1. Identify, please: which residue in the range 103-118 is under 23 Å from the mean Cα position of the chain (by Cα) and assigned to a loop (DSSP other than H, G, I, E, B) and is, among those, farthest from residue 311 (Cα to Cα)?
2. Test residue 80 against the criterion of being crowded, with 21+ Cβ neighbours inside 10 Å and in contact with a helix residue (DSSP H, G or I) (Cβ under 6 Å, 6 or more places away or on another chain), and give yes or no.
3. Going through 134, 69 one at a time, which residue ends up being surrounded by 17 or more Cβ atoms within 10 Å (Cβ to Cβ) and in contact with a strand residue (DSSP E or B) (Cβ under 9 Å, 6 or more places away or on another chain)?
4. Could you grab me the full set of residues in the range 136-151 that are in contact (Cβ under 8 Å) with a residue 60 or more places away in the chain and assigned to a helix (DSSP H, G or I)?
5. Under the condition of being modelled with pLDDT of 95 or more and crowded, with 20+ Cβ neighbours inside 10 Å, which residue from the range 168-188 is farthest from residue 320 (Cα to Cα)?
6. Can you tell me which residue within the range 202-227, out of those that are surrounded by fewer than 14 Cβ atoms within 10 Å (Cβ to Cβ) and part of a loop (DSSP other than H, G, I, E, B), is modelled with the lowest pLDDT?
7. Would you confirm, using the coordinates I've provided, whether residue 154 is crowded, with 16+ Cβ neighbours inside 10 Å, touching a residue at least 12 places away in the same chain (Cβ under 8 Å) and at positive phi?
8. Show me the helices (runs of 4 or more DSSP H) found entirely inside the range 1-100 where at least 2 residues are free of Cβ contacts under 8 Å to residues at least 40 places away in the same chain and in the same structural domain as residue 158 (by TED's automatic domain parsing).
């Protein structure tokens, strides 16, 4: 399926519910573009999802819906792998082995763990061990590149450290991946609090755009977007976070540069900018929504893609896992 001359790029996304505009512009839109240049392994990380207590029926539904939305947004099963993490048992197997080469100190220093554990009374082992499972995800496929945002850089560095540590002990076994820094749009901010990342967990529904939001809803939310008391439309994250967020969204959705976007709205009011961003986002999402509706009605089609991809992913993963097992001394019959 994959072309030997192309590098392998791995990325994962949680089936945490409906995708936001931030998910689309920060990852999914670029995933579709990457397929032309790389062998892409795209994993819906449902094993990571259960580090937070899940309602089983909801998790199953969201896993299927996320798969359908990724397909609707341009992930081509003829070019890329798209599968559920739990369908490839090698992820859990390699995670256990890598646990034996990870240190308590380095895991306890992970920023995401410290942030999330501070809000919990009883901390689950899965949350603590999350970065090692992520390392297994990446290393299983001998990935060359991993797209990362600022919130995942520390986890990728840990992945590199574990791979290098294993290789020093047993000779070159695991490819040490590099970070891939893609196009702009990796950090789309809240429409109501533009100093924090857009998230559907926000209590204010006007703070985020869902990929399934209809045009009138999208435009209404952008009209309510927080700006500032100034009147100048310019990109300045520190002093004009609201306007900068709108400019970045428009830039990402249209594939125009920030400077060109600034010029386009020069000497125009905030209301004009908000309306233009809202209409452009709605028009971009409309065909994706239509394709999602079509695909979602054909569960067998989605299941067939997930099965074919997971079979090929299992084949790829087994080659790495077998090599690792041999290196650590597991007896084979």
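The values are calculated or read from the model by the stated rules, or taken from the named source; none is laboratory data. If you're wondering where the values come from, they're calculated on a predicted model, not measured in any experiment. Note that we place each Cβ from the backbone using ideal geometry, even for glycine, and neighbour counts take in every protein chain shown.
1. 109
2. no
3. The conditions single out 134.
4. 137, 138, 139, 140
5. Checked the range 168-188; the qualifying residue farthest from residue 320 (Cα to Cα) is 177.
6. Here the answer is 203.
7. Judged against the criteria, residue 154 is not a match.
8. 56-72, 90-99
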